[in-house]
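Encoded as structure tokens, the structure appears first; notes follow it.
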2 protein chains.
Amino acid sequence: MILYDAKQPGPNPAVVRLFVHERQGLRFDVETIDLAGLENRKPTYRNTVNARGEVPALRLDNGRIITEITAICGYFDEIAQGGRRLFGNTPEERAEIHMWTRRAYLEVVLPFVTWWRGTDAAEEAYRGHRILMPEAKRSHRLLADQGLNQFDEDLEGKTFIAGDNLSMADIMLYGFIGTNVATGEIPWFNVPQAPQRRRVVRPYGGARCQPEDDDRFASTRRKLGWPSMENDPIDVTGDRGSCQRDGARRR
Amino acid sequence: MILYDAKQPGPNPAVVRLFVHERQGLRFDVETIDLAGLENRKPTYRNTVNARGEVPALRLDNGRIITEITAICGYFDEIAQGGRRLFGNTPEERAEIHMWTRRAYLEVVLPFVTWWRGTDAAEEAYRGHRILMPEAKRSHRLLADQGLNQFDEDLEGKTFIAGDNLSMADIMLYGFIGTNVATGEIPWFNVPQAPQRRRVVRPYGGARCQPEDDDRFASTRRKLGWPSMENDPIDVTGDRGSCQRDGARRR
């Protein structure tokens, strides 16, 4: 089994990495694709891995290729040895986590990313390999803001998005957005200064300081070191923001 | 278990209905919501069923509400008694169907629907209950066309989108688009006259006539009668188009 991962991890590869580390019990080979060099848009990758030119992709032992991050993570969840399921243990839990994962993607992540795809930076990065929508930046920001407002309400009294434990839904929302926030390319997300949505921005260290055990990805951050990642896609404290706790600067 | 279904079935309720009929082995109560009267946007529905004001929704026997069509259908797939699974029987099949369902939604359905949400008809229908994107209609048509082109290539030599049988992926693509095509609100989809994409438009009776047994939803159409539906969301022949077979007008 081979995971085609990215040398410069954008949010999609970052979500799969985060899933792998939270899920535990997975072993596979990794092949690193150079996104900045558009290796994923070249004929070799498109003809042998993914005709759509997207990363990540997973080559199963039967030779079939699986793309789409939720499909890759769902497969991993089924085959992992040990660890804890992140898509749920019963039909009811799976339905709830599925629902929240899709809401997170469609209501927040997608408008958020499509906003970014309207920027000059996206035009430079994609170089004609994607239809962008600069004309709809304002609408996409409105949609993302509306989605974040809704999630902030949904999180009232909850630590995790779906159920009592961290699930794929948290990984979708925070893994994806975390990457974009970390790059500093979404100035209006404005994490540390956003008092309007305290609940939904918690994992980014924004708005209010959390005790360490209220940090949903603390264990991942500690254990992980994000091998082969050039930056931690979740940690947006430090140079890009700060959150004081007990008078000490938090990393 | 209660399914909140629509009196005037838009594409989301239609996808769940199509799934129920193809999946078989499901029993539940139905409560019909008046979308045209915006019953789903009123406080009663939003406070007791779905804060997001969307239909369909499923009330489980434990009282929890599940929304998002793929989550509802996925739950149905797990609990149905008899029939045939439409999300796959093994982790590999499930990953493949999951991948194709998500591709169908993100690459074709969503740009297609978002195009429609830029029309005057959508503005009248939603009456302020959704952020629309009239400024990005052209981009959304381009994206939907690009997605349909890709699916037409993907379908080379295949009858169904994922694997050897009808799956959730077919239901997502054809159930969703079929509803919009049936209403005549997507003039550029141009089914019966579209020779450029013969494979992907087959289920709509377009481009080339199909023998009855090559009609992916023939069994549904025959058995179903689409109870409580005001129009068949899949059948776009008849008044809105026609496909001559053996000299006879086909319904």
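Neighbouring Cβ atoms from other chains, within 10 Å of the Cβ of residues in A:58-64, number 2 on average. With a cut-off of 8 Å between alpha carbons and a minimum separation of six or more residues, what is the relative contact order of segment A:2-79 in percent? Computed value for segment A:2-79: 36 percent relative contact order. In segment B:1-51, taking the dipole from charged Cβ atoms about the Cα centre, the farthest positive-side position among B:Leu38, B:Met1, B:His21 is held by B:Leu38. Computed 3J(HN,Hα) for segment B:30-47, one whole-Hz value per residue from the Karplus formula 6.51 cos²θ - 1.76 cosθ + 1.60 where θ = phi - 60°, is 10, 10, 9, 9, 8, 5, 4, x, 6, 4, 6, 9, 7, x, 4, 5, 5, 7, glycine and proline marked x. Counting charges near B:Glu93 (Lys, Arg +1; Asp, Glu -1) among other residues having Cβ under 13 Å from its Cβ returns a value of -1. Other residues whose C-beta falls under 11 angstrom from the C-beta of B:Pro56 contribute a net charge of -2, scoring Lys and Arg +1 and Asp and Glu -1. Put a dot 7 Å past the Cα of A:Val30, heading toward its Cβ, do the same for B:Glu78, and the two dots end up 3.1 nm apart.
Working note: Debye formula, equal point scatterers on the alpha-carbon atoms of segment A:2-79, no solvent; log10 I(q)/I(0) at q = 0.11, 0.13, 0.28 Å⁻¹ is -0.25, -0.35, -1.53.
Beyond a 31 Å Cα-Cα separation, which of these cross-linked pairs lie in this structure: B:Lys7/B:Lys137; A:Lys137/B:Lys42; A:Lys7/A:Lys137; A:Lys158/B:Lys137; A:Lys137/B:Lys7? In this structure, A:Lys158/B:Lys137; A:Lys137/B:Lys7 exceed 31 Å between Cα atoms.
Nearest beta carbon of chain A to the A-to-B rotation axis, with distance in whole angstrom: A:Ala136, 2.
Between A:Ala57 and A:Tyr4, the built amide H atoms are under 5 Å apart, and every one of these is 5 or more places off in sequence or on another chain. Using θ = phi - 60° in the Karplus curve 6.51 cos²θ - 1.76 cosθ + 1.60, the 3J(HN,Hα) couplings for segment A:50-61 round to 9, 4, 7, x, 10, 10, x, 8, 10, 8, 6, 5 Hz; x is entered for Gly and Pro. Residues of segment A:19-56 with an amide N closer than 14 Å to a point placed 7 Å from the Cα of B:Glu153 along the Cα-to-Cβ direction: A:41-54.
Alpha carbon centre of segment B:1-52 versus segment A:41-66: separation in Å? Centre-to-centre distance over Cα atoms comes out at 38 Å. Which whole-angstrom value gives the distance between the alpha carbon centres of segment B:149-175 and segment B:95-148? Segment B:149-175 and segment B:95-148 have Cα centres separated by 19 Å. In this assembly of identical copies, the label point of B:Ala51 (Cα plus 7 Å along Cα-to-Cβ) is separated from its counterparts by 4.2 nm, sorted shortest first. Backbone phi angles across segment A:112-124, fed through the Karplus curve with coefficients 6.51, -1.76 and 1.60 (θ = phi - 60°), yield HN-Hα couplings of 4, 5, 5, 4, 4, 5, x, 8, 4, 4, 5, 4, 5 Hz in residue order; Gly and Pro are listed as x. Sorted from closest to farthest, the other copies place their B:Met1 label points 2.9 nm away, with each point set 7 Å from Cα along Cα→Cβ. Distances from B:Trp188 to itself in the other copies, using label points 7 Å out along the Cα-Cβ axis, amount to 2.5 nm in increasing order. Within the shell defined by Cβ-Cβ distances under 11 Å, the residues around B:Arg41 carry a net charge of +2, with Lys and Arg each +1 and Asp and Glu each -1.
Rule-based calculations on the coordinates, nothing more; no lab input. Quick caveat, the model's predicted, so the values are computed rather than measured. Because the Cβ atoms are built from the backbone with ideal geometry, glycine has one as well, and the counts that use them run over all protein chains shown.
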